[in-house]
Amino acid sequence: MRVKQLLQLIPDGQLEMLGAESKVDYQVKKLTGKSVFQLILLSMINNERASLRVMESVFHSMQFRLVSGTEGVETKYNSIRDRIATINPDYLRRFFYSYSSISINCSKRSILLSGMTVLWLRCLHD
């Protein structure tokens, strides 16, 4: 399963609706709740460790720009850190309650989103 296919399992409208309900993007210009969620997810899929430097590298990758629609947006690791530290946790909580039992089978490993916990083994791309 490719990253784009994985992200398509979660409708953009749903992420935006949850963002509006939780006001996650109040006074935010670059790193919206949706893009932060996609960044964390993509960083965890493509790397064994999702450090801030790794997230910065993923953010600047063509793959992320194509799936998230952040072409032309620049950011540094410290901005990512600040955004993660200040993001409204209710946004992620609502997301996980909405998708409390998604099970995704990849080519060799699987991802299981269960309640408030993300259990997963690294998903290899086809």
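The values are calculated or read from the model by the stated rules, or taken from the named source; none is laboratory data. Bear in mind that the values here come from a model prediction, so they are computed numbers and not experimental data. Only protein heavy atoms, including side chains, enter the accessible area calculation; ligands, DNA and RNA are left aside. Shrake-Rupley method; radii C 1.70, N 1.55, O 1.52, S 1.80 Å.
Return the aspartates and glutamates within reach of Lys29: Cα separation strictly under 16 angstrom, same-chain partners fewer than 8 residues apart disregarded; answer none if there are no such residues.
In chain and number order, the partners are Glu16, Glu71, Glu74, Asp82.
Could you name the aspartates and glutamates whose alpha carbon sits less than 15 Å from that of Lys76, not counting residues in the same chain fewer than 8 places away?
Within the straight-line cut-off, Lys76 pairs with Glu56.
Report ³J(HN,Hα) in whole Hz for each residue of region 82-93, in order, from the Karplus equation J = 6.51 cos²θ - 1.76 cosθ + 1.60 where θ = phi - 60°; Gly and Pro get x.
Once θ is set to phi - 60°, the couplings for region 82-93 become 4, 5, 5, 5, 10, 5, 5, x, 4, 4, 5, 4 Hz.
Top to bottom by accessible area (1.4 Å), largest first, where do Met44, Met62, Met17, Met55 land? Walk me through the intermediate numbers first.
On the way: Met44 65, Met62 125, Met17 90, Met55 15 Å².
So, going from the largest accessible area down, we get Met62, Met17, Met44, Met55.
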